[in-house]
Amino acid sequence: MGDWLKGVARMISQKGGIFMFLRAQLSAQMATIADFLVTILLVRLFEVYYVYATLAGAIYGGIVNCVINYKWTFKSKGKKTNVAAKFILVWICSVWLNTWGTYALTESLAKIPWVRDTLSLYFGDFFIIPKVVVAIIVALFWNYNMQRVFVYPEYRYKKFYSEKETEKSIERTD
């Protein structure tokens with residue numbers, strides 16, 4: 001049983017396609033936990049305004065996500081400075097989308113009395129539900145796609161180029 005689990009873990013860690021997507025989602029979940037932990041601690045313990053706490057959490061989560069994606073998800077071989085520069089560009093947009101989206105959705109929902117009262121009653125800090133909704137949307141539609149296509153593109157092309165080189169060497173030997 002232990003060998004089977006090790007084999008599955010190795011397969012998930014090494015293959016692309018759906019396995020890369022699963023690794024990216026796991027990395028995103030770890031970054032989200034870091035993000036939400038920082039945000040909630042800042043709001044609850046230090047009484048920081050939720051917009052600033054959301055900004056700080058998104059920045060911290062971005063750092064966690066970049067490190068995990070570089071080393072494990074996309075297994076980047078690119079220069080760390082190049083990857084970091086591209087990641088920062090993507091993450092600035094991500095931080096802005098998360099912060100602005102959380103603010104806009106929270107303030108919009110707060111204008112509806114029964115929604116505000118119900119969510120505040122069950123969840124205490126009202127902004128948490130809009131933050132969750134916005135975080136999911138940004139993660140699926142912005143973060144994963146921009147990282148896969150822009151930040152870590154060599155992962156996509158590595159297999160393609162190696163197959164093309166193999167085909168060329170086979171043609172030369174024929």
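Scoring Ala31 on the criteria (1) within 24 Å of Val151 (Cβ to Cβ); (2) out of contact with any helix residue (DSSP H, G or I) (no Cβ under 9 Å at 6 or more places or on another chain); (3) modelled with pLDDT of 85 or more leaves a single failure, condition (2). The single condition among (1) open to solvent by 80 Å² or more (accessible area, probe 1.4 Å); (2) over 13 Å from Gln147 (Cα atoms); (3) part of a helix (DSSP H, G or I) that Lys77 does not meet is (3). Applying a threshold of 8 Å to beta carbon distances and a minimum spacing of six or more residues, or different chains, the list of pairs starting in the range 33-45 at a residue that is part of a helix (DSSP H, G or I) and ending at one that is of a type in the set (Lys, Arg) and modelled with pLDDT under 95 reads Phe36/Lys131; Thr39/Lys131. Looking at Ala9, is it assigned to a helix (DSSP H, G or I), among the aliphatic types (A, V, I, L, M), exposed (fewer than 12 other Cβ atoms within 10 Å of the Cβ) and more than 16 Å from the chain's Cα centre (by Cα)? Yes, satisfied.
Would you confirm, using the coordinates I've provided, whether Thr99 is open to solvent by less than 10 Å² (accessible area, probe 1.4 Å) and in contact with a helix residue (DSSP H, G or I) (Cβ under 8 Å, 6 or more places away or on another chain)? Here the answer is no, as Thr99 does not meet what is asked. Being over 20 Å from Ser27 (Cβ atoms) and assigned to a helix (DSSP H, G or I) is a condition met by no residue of the range 136-146. Which residues, counting only those in the range 34-52, are aliphatic (A, V, I, L, M), closer than 17 Å to Val133 by Cβ and out of contact with any helix residue (DSSP H, G or I) (no Cβ under 6 Å at 6 or more places or on another chain)? Selection gives Ile40 alone.
Yes or no, residue by residue, for (1) open to solvent by 40 Å² or more (accessible area, probe 1.4 Å); (2) among the aliphatic types (A, V, I, L, M):
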| residue | (1), (2) |
| --- | --- |
| Val43 | no, yes |
| Glu47 | yes, no |
| Trp114 | yes, no |
| Ile129 | yes, yes |
| Val133 | yes, yes |
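The values are calculated or read from the model by the stated rules, or taken from the named source; none is laboratory data. Given the structure is predicted, the values throughout are model-derived calculations rather than measurements. FYI the Cβ positions are ideal-geometry reconstructions off the backbone, even for glycines, and counts take in every protein chain you see. In case anyone asks, the SASA skips ligands and DNA or RNA and just uses the protein heavy atoms, side chains included. Shrake-Rupley method; radii C 1.70, N 1.55, O 1.52, S 1.80 Å.
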